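For reference, the structure discussed in these notes is given below.
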Amino acid sequence: MSDSSSRLSQSVISTISTAIAEAGGNEVFFTGLLDRQGMVSSVTIVARGHNSAVPVITSSLDRAEVLIHNHPSGNLEPSNADLGIASRVADNGLGFYIVSNDAHEVYVVVEPILRREKNLIDEESLLSFLDEQSEFAKTAPHYEVRPPQLSMMSSVARSFNKGKIGVFEAGTGVGKSFAYLLPAITWSLDNQERVLLTTQTINLQQQLADKDIPQASRILGRPIKAVLMKGRQNYVCLRRLMEAMQERDLFDEELEELERIHEWVLTTQDGSKSDLSFMPRDLLWSRICSESDACMGMHCSRHEECFVMRVRKEAASASLLIVNHHLLFADLEARMGGAGYDDTAVLPPFHHIIFDEAHAMEAAATSFFSESFTRFKLNKQLSVLYRVKRSSIGGHLIALERLSSSAGEVQSGLALMQELKDAFFDLEEKALAMIGERSTWRLCAKTATEAASVLQAMNLLRAAVSSFAGIVRTVLEGIAEDDMDNPVVWESKFALRRLEFIGSLCQHFIEWDERGESVFWIEKKRLPLRAGKNQDREGLWYPRFVQTPLSIAPMMSEGVFEPFRTVVCTSATLRIGKSFEYWMNRNGISRIEDDRVLSAAYDSPFHYETNALLAIPDSGPLPDEPGFREFAANAIVSLIQASSGHALVLFTSYDLLRYARDLARKTLAPLGISILSQGDDDRSRLLESFRCDESSVLFATDSFWEGVDAPGDTLLQVIIVKLPFRVPDDPVLEARSQAIEARGGNPFMELSLPDAVVRFRQGFGRLIRRMSDRGVVSVLDRRLVTKRYGKVFLDSLPETRRCHENLATMVASIERFLYT
């Protein structure tokens with residue numbers, strides 16, 4: 001024990017003693033920060049206990065340098081529990097102190113490791129790399145200094161220097177990639193700290209890895225190692241591929257693809273699906289790709305050749321990591337689940353994140369943290385264990401029968417497997433009958449009565465899964481220790497965990513009213529028609545059972561914004577009007593202290609006021625009025641003729657897309673205008689066809705509202721058919737709207753409208769991609785000017801020329817704008 005004045009500042013001594021007195025002299029747990037001399041300069045009260053114990057809140061440790069608590073007895077020697085906690089936190093460099101109730105005495109159990117002083121970014125020096133006197137300006141052809149880019153770069157540097165959360169909207173053409181890459185590279189190299197870059201789309205990831213980071217490195221004159229990491233399911237597993245080849249007789253249509261993949265692995269550099277010259281069937285790829293639950297790690301016979309291990313080894317020594325939002329969330333899930341923030345989880349450790357395409361964060365997190373099951377997920381795991389195809393019998397239960405001393409249970413398991421399949425078939429029938437003509441259905445207080453038979457069927461399925469899983473576990477427990485490293489055992493355990501997950505999800509549905517933080521819903525999906533197969537209408541549908549988080553804000557706040565030192569979020573579309581409030585609320589930043597958040601908007605340098613025309617007809621039916629479908633389809637044809645093709649037509653529904661596409665193809669084919677349509681090919685090939693045929697027109701919906709980059713004459717007109725409001729009966733939107741209403745808010749103004757505005761801005765942003773681009777955005781939905789909320793949409797757009805006339809006059813105005 002020693003006098004605390006050499007360890008704690010006077011203000012800290014006062015804060016600690018006051019907090020303990022207010023807690024009645026009981027134990028209180030604090031986290032502290034150190035100054036440069038190692039003195040505790042500030043503390044945060046984390047938890048209060050009783051006279052002999054206090055909870056240690058692990059989520060509070062990531063921004064701490066020393067842990068402090070008191071012993072009310074006056075005996076400051078550590079208990080065994082104290083020593084256990086001190087040992088664990090010492091591995092992360094944290095100190096552990098025990099103080100008296102008046103905080104005048106301290107027992108130092110573990111000395112803290114003083115943090116290395118950060119090498120701050122010199123903002124002025126950094127900006128000089130892109131000013132008009134820089135080497136880059138002298139050597140890059142047609143280089144022009146972009147003041148918004150320099151301002152954003154300064155803000156990103158400040159975020160790194162001060163450990164802030166930066167929220168920066170950067171209009172198209174600002175050059176946001178360099179604005180965050182130059183500070184990120186500088187910070188990483190000067191402080192030997194890894195920075196993670198996460199995006200929504202693979203296109204931007206490839207652009208960062210192949211073009212932007214190498215160029216930013218050359219501008220700074222500082223080499224840096226950057227590694228693009230994909231989710232492990234993007235990589236082929238050599239062991240699983242070899243096992244599939246040994247069972248080739250069980251493959252039908254997939255056999256040719258399997259053999260091509262077997263040849264490809266001999267020459268591929270990275271083993272990722274994108275390196276294939278063709279797109280394999282999903283079912284086949286799922287049988288041979290790498291999966292975390294099925295990975296044998298060091299026990300795998302192909303460990304030394306493993307593509308996943310190879311990229312992880314490269315990532316461990318990288319200064320910059322490039323991932324997509326889903327892979328980041330997989331890593332965060334592991335860290336929040338106990339892996340911590342200082343060790344390798346799915347990704348190597350990092351303490352700085354840059355979210356590009358941050359407008360998609362909520363959707364990506366909602367998708368990742370949703371759980372679901374279908375007949376395909378069930379059958380996939382069952383077929384791993386037992387399957388019959390033609391005269392061949394396969395599956396791991398046959399092999400387990402030979403290895404296990406409880407082999408007699410296998411036949412019982414096969415009988416239970418059929419019961420399980422029957423239970424699932426019964427659940428599907430009841431769910432489809434209940435949903436009827438609807439496409440989705442949500443379980444809530446209003447619908448609970450009609451769900452009684454479905455929930456009963458779910459309970460029977462849960463029981464069937466439990467019984468079958470019990471048999472398989474008995475068989476596995478009868479296997480000798482020496483055989484536990486057999487790949488068949490690993491794969492069987494993996495399949496078993498996935499089956500038990502389905503049982504757990506059934507239980508969650510049954511307990512829906514106790515799980516208010518989740519939305520439980522069913523989606524009716526259509527089976528793809530297969531050539532030569534006779535499928536009756538009843539067999540075309542199947543249900544998908546889903547559990548979705550009601551809000552991702554709490555987990556984003558706890559898992560991202562609180563523990564990481566620097567988080568920069570950027571996109572061209574984060575604001576509604578001039579406010580970031582909607583985006584910050586939805587993503588959890590509004591839960592963070594205001595003084596830790598920097599926000600700013602950097603307007604596009606493009607000349608929208610002269611180069612862009614916003615055209616809206618002043619007559620015609622509104623979307624909810626009779627005749628809109630016919631009006632829209634005919635208007636689209638006229639507008640495409642005005643721009644001689646060169647158009648992207650954005651829809652909110654497939655039905656209207658198909659109707660308008662068929663009319664356009666029939667009318668415009670004689671004019672030599674090619675009509676491409678979402679669904680004709682996969683997204684990347686469709687976009688490549690669109691770019692290559694400059695006069696073509698692309699009809700699309702959903703994901704094509706963003707991420708389409710077609711500069712120059714390829715795209716002269718974007719046609720927005722309807723304002724992109726989500727359908728009101730979307731189960732997650734409905735549940736989130738009800739939650740807003742329950743707290744007295746307005747769900748339309750707080751959720752539906754801002755969500756539509758962000759999507760609208762994304763669609764509008766497809767038009768002008770380069771300084772020299774010019775073109776037209778035509779909006780056929782007159783609510784943009786007839787409804788009061790239309791002003792919110794318009795106020796969120798840059799200043800443009802506008803045309804508000806009858807359709808015929810509008811078409812003529814567009815033609816003059818483009819070609820005179």
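Points to keep in mind about this one:
- Test item: Cα-centred dipole of region 625-730, Lys/Arg +1 and Asp/Glu -1 on Cβ, debye: 260 debye
- About the Cα centre, charge dipole magnitude for the chain (Lys/Arg +1, Asp/Glu -1 at Cβ), debye: 1740 debye
- Take every pair of alpha-carbon atoms less than 8 Å apart whose residues are at least six positions apart; their mean separation over the length of the chain yields a relative contact order of 12 percent.
- A simple spin-label model places pseudo-atoms 7 Å from Cα toward Cβ; at residue 590 and residue 92 they are separated by 2.9 nm.
- Heavy atoms of residue 784: accessible area, 1.4 Å probe, square angstrom to 10: 0 Å²
- Gain in span if fully extended, residue 279 to residue 402, counting 0.36 nm per residue against the direct Cα distance: 40.6 nm
- Estimated FRET transfer efficiency when R0 is 22 angstrom, pair residue 124-residue 36 (beta carbons, to 0.05): 0.35
- Surface accessible to a 1.4 Å probe, residue 603 within the full protein complex, Å²: 110 Å²
- Listed values for region 772-786 are Karplus-derived 3J(HN,Hα) couplings in whole Hz (6.51 cos²θ - 1.76 cosθ + 1.60, θ = phi - 60°), namely 8, 5, 8, x, 10, 10, 9, 10, 8, 8, 6, 4, 4, 10, 8, and x replaces Gly and Pro.
- Here the 3J(HN,Hα) profile of region 198-209, calculated from phi with Karplus coefficients 6.51, -1.76 and 1.60 at θ = phi - 60°, is 10, 10, 8, 10, 5, 4, 5, 4, 5, 5, 5, 5 Hz, Gly and Pro shown as x.
- Coarse-grained scattering of region 246-333 at q = 0.11, 0.16, 0.18, 0.19 Å⁻¹, given as base-10 log I(q)/I(0) from a Debye sum over alpha-carbon atoms: -0.39, -0.83, -1.03, -1.13
- Positive dipole terminus of region 731-791, leading residue within 768, 731, 786 (C-beta point charges): 768
- Hydrodynamic radius by Kirkwood, which averages 1/r over all alpha carbon pairs of region 694-781, in angstrom: 14.7 Å
- For region 340-380, the alpha-carbon radius of gyration amounts to 1.70 times the rule-of-thumb value 2.2 N^0.38 Å expected for a compact globular protein.
- Of 405, 286, the residue with the largest accessible area leads and the full order is 405, 286 (1.4 Å probe).
- Most to least accessible of 262, 299, 359 (protein chains only, probe 1.4 Å): 299, 262, 359
- Virtual spin-label span in nm between residue 452 and residue 795, 7 Å along Cα→Cβ: 5.0 nm
- Computed FRET value (nearest 0.05) for residue 600 with residue 265, which takes r as the C-beta separation and R₀ as 51 Å: 0.60
- Net lengthening on full extension, residue 207/residue 429 (0.36 nm per residue, minus Cα-Cα): 75.2 nm
- The distance from the alpha carbon centre of region 760-782 to that of region 28-82 is 56 Å, rounded to a whole number.
- Residues within the reach of a label modelled at residue 726 (point 7 angstrom out along Cα to beta-carbon, backbone nitrogen below 16 Å), restricted to region 355-375, are 359-371.
- Distance between region 784-820 and region 167-219 - C-alpha centres, whole angstrom: 35 Å
- Accessible surface of the chain, 1.4 Å probe, proportion on carbon and sulfur as whole %: 49 percent
- Across the options 269, 636, 50, the greatest Cα extent toward the positive end of the charge dipole of the chain (unit charges at beta carbon of Lys, Arg, Asp, Glu) belongs to 636.
- For region 44-167, accessible area per residue (1.4 Å probe, heavy atoms of protein chains only), Å²: 53 Å²
- When 474, 610 are compared by accessible surface with a 1.4 Å probe, the order from highest to lowest is 610, 474.
- Dipole of the chain [Lys/Arg +1, Asp/Glu -1 at C-beta], most positive-end residue of 406, 612, 424: 612
- Computed accessible area, residue 455, all protein chains, 1.4 angstrom probe, square angstrom: 30 Å²
- Average accessible surface area per residue within region 567-689, 1.4 Å rolling probe, Å²: 43 Å²
- Gyration tensor (alpha-carbon) shape descriptor, the chain, a/c threshold 1.5: oblate
- Region 411-446-region 659-721 distance, computed between alpha-carbon centres (Å): 40 Å
- Estimated distance in nm for a label pair at residue 482 and residue 376, the labels positioned 7 Å out from Cα along Cα-to-Cβ: 4.3 nm
- Derived scalar couplings ³J(HN,Hα) [region 359-374; Karplus, 6.51 cos²θ - 1.76 cosθ + 1.60; whole Hz; x for Gly, Pro]: 4, 8, 4, 5, 5, 5, 5, 4, 5, 5, 7, 7, 10, 8, 8, 9
- The chain, helix-only ellipticity at 222 nm - DSSP H runs n ≥ 4, -39,500 (n - 2.57), divided by all residues, nearest 500: -12500 deg cm²/dmol
- Of all beta bridges that DSSP places with both ends in the chain, some 40 percent have antiparallel geometry.
- Note: relative contact order over region 687-747, using C-alpha pairs below 8 Å and six or more positions apart, is 23 percent.
The values are calculated or read from the model by the stated rules, or taken from the named source; none is laboratory data. Small disclaimer: the values here were computed from a predicted structure and weren't measured. Here Cβ is always computed from backbone atoms with ideal geometry, including for glycine, and neighbour counts include all displayed protein chains. With ligands, DNA and RNA removed, areas are computed over all heavy atoms of the protein, side chains included. Shrake-Rupley method; radii C 1.70, N 1.55, O 1.52, S 1.80 Å.
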